[in-house]
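Q: What follows is a structure written as structure tokens; I'll ask about it next.
The values are calculated or read from the model by the stated rules, or taken from the named source; none is laboratory data. Predicted, not measured: the structure shown is a model, and the values here were computed from it. Please note: Cβ atoms are built from the backbone with ideal geometry, for glycine as well, and neighbour counts cover all protein chains shown.
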Amino acid sequence: MNFVYKTAIEYSAASDLVRECLMETNNWRMMLPEAEKLSEYWEYHNELYQVHWVGDETQLVGAAVGAANPSMRLNIAITLTNTGITTHAAITAILSMPLTWQSIVQRGRIKDYFKKVCHKVIDASRALFQPDSLPVLAEIAQQYPHTFEAFTRMNAVDHLERVGRLDQTWSNIRAATASGNGVMSSEALDGVYEVGALPNQDYAGSYDLIYAGGGLGLLHAVIMAQCYGYRVLLFDRSEVGCAHREWNISREELAALVSVGFCTWAELRPIVMTEYDTGVVRFHAGTQANSAELWMKDVLDVALDAGTLLRLARQKLEAAGGVILDHRLFRQVRVTAAGPVHVAVDVANVQGAVETYRGRLLLDGMGSISPLALRRFAGQPFAGVCPTVGTVVSGLVEGDAPNEHNPRIGDILLSVADAQRGQQYMWEGFPGRDDELTVYLFYYDALNTRTAKTSQTLSANGQNSTHPKASYVRQSPNLLELFEDYFALLPTYKLPGPDFQHVKPVYGYIPGRHSVNRQEAPLLRGVLPVGDSAAQQSPLTFCGFGSHVRNLDRTTSLLDETLRQDLLEPHTLRVVNAYQINVSLNWVFSRFMQPWGTLHDVNLLQNIFLGVLNDLGEDFARRFFRDQMVWSDYHQMLLGVFWRYPRIVLIAWQVLGPDGVRQWISDYLVYSCAALVAWWGHQIGRTRLLTLAETLSRVAPRVGLRLRSALAEWKAMGWG
Ligand SMILES: Cc1cc2nc3c(=O)[nH]c(=O)nc-3n(C[C@H](O)[C@H](O)[C@H](O)COP(=O)(O)OP(=O)(O)OC[C@H]3O[C@@H](n4cnc5c(N)ncnc54)[C@H](O)[C@@H]3O)c2cc1C
């Protein structure tokens with residue numbers, strides 16, 4: 001049985017360039033992201049195909065033939081005509097399938113699906129020739145040759161453009177924050193949010209909750225639809241459920257997904273790629289004698305297949321009646337100015353047509369460069385950031401030495417050299433499937449502090465004979481620069497073996513806040529941030545996934561309460577987030593991850609700090625790395641460091657500056673008051689307080705919500 005699709009389109013490039021791009025297999029993945037190259041085969045929806053593709057000046061002809069079932073076949077013929085400035089392409093695609101009872105019954109559906117895929121591929125192929133995409137890639141290839149070569153080998157050249165776009169937005173955020181006036185490109189901020197009457201029009205659909213972004217927002221959406229029965233719409237500019245990350249977490253934290261009702265342990269089994277025995281934290285000691293390693297179990301020791309987890313979430317959301325829209329770009333949200341909160345959300349589909357959906361609330365899960373987060377914070381949404389790049393690699397030399405790969409050991413946090421480019425580079429390495437290791441290179445950066453200025457020249461007064469006066473320029477490498485360093489420096493971290501290869505890239509800017517304020521700016525009416533756009537993770541561990549999962553029960557149950565009680569005004573909705581006061585104060589630690597005097601500063605201090613953690617024991621260290629610190633932990637750590645290294649007082653003054661020290665003291669007082677309130681709560685008893693919250697919900701819903709939110713925060717922190 002044959003299905004034929006014919007069309008004629010125009011590419012805005014000369015025919016030789018069009019031919020070259022369509023022949024290039026790296027571009028195929030960009031056109032059909034679900035297809036994966038596996039040695040000589042291509043995998044598409046769990047079927048393997050052998051692909052032949054030939055071409056001359058005017059004709060490209062190819063076929064994809066099912067490896068298991070050769071009668072399953074796709075033939076494509078493209079005739080190119082050069083018009084001088086553009087190229088006309090006449091395309092014929094023929095899908096041949098064996099004639100079965102099922103294919104006859106489903107004929108109509110197969111035809112529609114085939115047409116949809118053809119449209120998608122053709123749109124993506126047109127995008128290859130948009131004026132801004134080619135020069136960007138050509139420039140990247142020239143400026144970052146190692147990166148371009150490695151991405152080409154990984155068949156991931158399409159990612160380079162995304163990396164470039166992320167870098168561009170973050171460079172705007174940095175510039176706006178550094179200038180202090182918060183001015184970002186008007187395009188990014190204007191028009192994305194409007195308050196007023198909702199348009200009187202026919203909506204494409206009406207829902208309780210509309211989620212923009214299918215990363216962490218997708219997990220949240222599943223709970224709201226599956227456990228609470230809300231009508232949910234979720235859209236993403238890419239395909240929902242396609243992960244671009246690898247996530248590590250501990251088994252105890254992962255249990256939150258089961259207890260909240262997201263899934264069962266059996267469903268999680270194929271998602272857990274591996275679980276290693278123990279993890280290590282180690283900092284480069286150089287010629288110093290103070291080296292101290294920290295070994296811990298149950299910290300980030302479970303490696304998840306994020307793609308499979310998100311695919312499961314997608315299935316669950318659909319099964320719970322949720323609607324999912326792929327390839328929809330967020331354009332604008334309009335919110336009622338008074339009365340009950342309602343939103344109208346405009347999204348653009350791949351053809352550029354705008355669809356408008358109505359809902360009670362928009363959940364912003366658009367990540368660290370969310371236009372709504374930028375709008376809310378006037379272009380300066382974060383104070384800290386952790387630019388991170390890496391790859392999943394295989395074929396490292398195996399062994400027990402620190403620079404060899406041991407699949408039973410995870411590298412939780414490591415440095416192998418003193419500061420480079422004026423930043424202290426850190427490494428992480430988490431074993432994955434088979435002999436794979438997911439490796440990250442990152443550094444801590446601050447955006448709005450004295451120490452954060454880009455290209456700031458620092459010079460130090462020599463503090464000891466091994467690390468004399470140093471003068472260096474602190475840069476803030478963007479992801480492309482960091483990738484170039486990553487490919488050059490990887491052998492200094494782990495030794496590549498003869499079969500070494502990079503499997504896939506991982507990258508991103510993980511945002512953080514540097515204050516103990518629950519909200520640094522009022523919420524936009526009608527919009528609730530989730531995930532990185534809310535950035536409530538610890539500004540030291542930057543475990544956004546872990547924080548989201550740990551707090552999922554809290555954020556979904558509180559949201560349910562605000563929806564039921566109609567408490568959707570920003571001042572009541574503000575309690576619905578993953579904020580934890582015990583990690584907010586960690587901004588102080590993260591400032592000590594950037595060198596302040598000599599290139600060895602960070603390593604020297606961190607080795608002292610590891611010595612203190614070793615003294616305090618493994619349980620203590622685990623609480624610290626799992627964002628579960630209690631109030632007394634904080635003092636033991638500070639006093640421990642002071643005892644071993646009294647100079648820390650002067651260093652703190654140097655690193656934080658008078659303003660930073662003032663902020664630290666005031667944040668510490670807020671933290672201590674919160675701990676005192678939690679202690680009182682503990683004395684009264686959780687069960688009594690829950691009963692009280694229940695009663696208050698009926699007579700004074702706002703007070704009841706506040707009490708519930710405090711109880712939920714204590715529970716997430718391990719305080720109650
Ligand atoms: C390399 C790396 C490794 C990490 N490892 C870990 C780890 O091991 N453990 C851990 O706990 N945390 C880890 N993190 C942090 C964690 O991955 C993030 O906190 C988390 O992925 C944030 O998810 P998110 O959905 O909020 O944002 P994102 O993952 O950025 O997703 C945002 C979504 O919104 C969509 N979107 C964006 N703009 C629009 C728009 N205009 N219209 C429509 N859709 C849009 C995007 O396509 C995307 O799907 C890591 C982060 C990085 C970068």
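Q: Considering only residues that are in contact with a Leu (Cβ under 9 Å, 6 or more places away or on another chain) and either basic (Lys, Arg) or at pLDDT 90 or above (or both), which ones fall in segment 437-469?
A: 437, 439, 441, 442, 443, 444, 450
Q: Here's another thing I want to ask about it. Where the second residue is charged (D, E, K, R) and away from the ligand (no atom under 15 Å from the Cβ) and the first is within 17 Å of residue 307 (Cα to Cα) and lies in segment 207-224, which pairs have Cβ atoms under 7 Å and are six or more apart or on separate chains?
A: Once the first residue is within 17 Å of residue 307 (Cα to Cα) and sits in segment 207-224, its partners that are charged (D, E, K, R) and away from the ligand (no atom under 15 Å from the Cβ) give 222/316.
Q: Go through segment 521-538 and report how many residues are within 20 Å of residue 169 (Cβ to Cβ) and either in a loop (DSSP other than H, G, I, E, B) or polar (S, T, N, Q) (or both).
A: Looking only at segment 521-538, we keep the residues that are within 20 Å of residue 169 (Cβ to Cβ), and these are 521, 524, 527, 529-535, 537.
With either in a loop (DSSP other than H, G, I, E, B) or polar (S, T, N, Q) (or both) added as a condition, the list becomes 521, 524, 530, 533-535, 537.
Adding up the residues that qualify gives 7.
Q: Give me a count of the residues in segment 519-539 that are more than 13 Å from residue 370 (Cβ to Cβ) and either surrounded by 24 or more Cβ atoms within 10 Å (Cβ to Cβ) or within 13 Å of the ligand (Cβ to nearest atom) (or both).
A: 5
Q: May I ask you to list the residues in segment 609-628 that are part of a loop (DSSP other than H, G, I, E, B) and in contact (Cβ under 8 Å) with a residue 60 or more places away in the chain? Before the answer, list the steps.
A: In the first step, residues of segment 609-628 are kept if they are part of a loop (DSSP other than H, G, I, E, B); the result is 617, 626-628.
Matches in segment 609-628: 626, 627, 628.
Q: Within segment 540-554, track down each residue that is buried (at least 24 other Cβ atoms within 10 Å of the Cβ) and away from the ligand (no atom under 12 Å from the Cβ).
A: If the condition is that a residue be buried (at least 24 other Cβ atoms within 10 Å of the Cβ) and away from the ligand (no atom under 12 Å from the Cβ), then 540, 552, 554 are the ones that fit.
Q: Let me ask another. Could you tell me which of the residues 686, 706, 702, 698 is surrounded by fewer than 17 Cβ atoms within 10 Å (Cβ to Cβ) and over 37 Å from the mean Cα position of the chain (by Cα)?
A: On the way: 686 fails: over 37 Å from the mean Cα position of the chain (by Cα); 706 fails: over 37 Å from the mean Cα position of the chain (by Cα); 702 fails: over 37 Å from the mean Cα position of the chain (by Cα).
Criteria check complete, one pass: 698.
Q: Of 112, 16, 56, which residue is within 34 Å of the chain's Cα centre (by Cα) and either of a type in the set (S, T, N, Q) or over 21 Å from residue 153 (Cβ atoms) (or both)? Steps first, answer last, please.
A: On the way: 16 fails: within 34 Å of the chain's Cα centre (by Cα); 56 fails: within 34 Å of the chain's Cα centre (by Cα).
Selected residue: 112, the only one of 112, 16, 56 that is within 34 Å of the chain's Cα centre (by Cα) and either of a type in the set (S, T, N, Q) or over 21 Å from residue 153 (Cβ atoms) (or both).
Q: Can you name the residue in segment 369-381 that is surrounded by fewer than 24 Cβ atoms within 10 Å (Cβ to Cβ) and among the small types (Gly, Ala, Ser) and is also nearest to the ligand (Cβ to nearest atom) among such residues?
A: Per the stated criteria, the residue is 379.
Q: Here's something else I'd like to know. Looking at segment 281-307 only, could you name the residues that are crowded, with 17+ Cβ neighbours inside 10 Å and closer than 25 Å to residue 268 by Cβ?
A: 296, 298, 299, 300, 301, 302, 303, 304, 305, 306
Q: Among the numbered conditions (1) part of a loop (DSSP other than H, G, I, E, B); (2) in contact (Cβ under 8 Å) with a residue 60 or more places away in the chain; (3) assigned by TED's automatic domain parsing to the domain that holds residue 554, tell me where residue 253 comes up short.
A: Of everything listed in (1) part of a loop (DSSP other than H, G, I, E, B); (2) in contact (Cβ under 8 Å) with a residue 60 or more places away in the chain; (3) assigned by TED's automatic domain parsing to the domain that holds residue 554, residue 253 misses just condition (1).
Q: Among residues belonging to segment 202-261 that are at positive phi and in contact with a helix residue (DSSP H, G or I) (Cβ under 9 Å, 6 or more places away or on another chain), point out the one that is farthest from the ligand (Cβ to nearest atom).
A: Among those residues, the one meeting the criterion is 261.
Q: Being in the same structural domain as residue 41 (by TED's automatic domain parsing), loosely packed, with under 13 Cβ neighbours inside 10 Å and at pLDDT below 90 is the requirement here; does residue 125 meet it? Steps first, please.
A: Values: in the same structural domain as residue 41 (by TED's automatic domain parsing): yes; loosely packed, with under 13 Cβ neighbours inside 10 Å: no; at pLDDT below 90: yes.
The answer is no for residue 125.
Q: Confirm whether residue 44 is closer than 19 Å to residue 90 by Cα, at pLDDT 85 or above and of a type in the set (Ser, Thr, Tyr).
A: Numbers: closer than 19 Å to residue 90 by Cα: no; at pLDDT 85 or above: yes; of a type in the set (Ser, Thr, Tyr): yes.
Taking the combined requirement at face value, the residue does not satisfy it.
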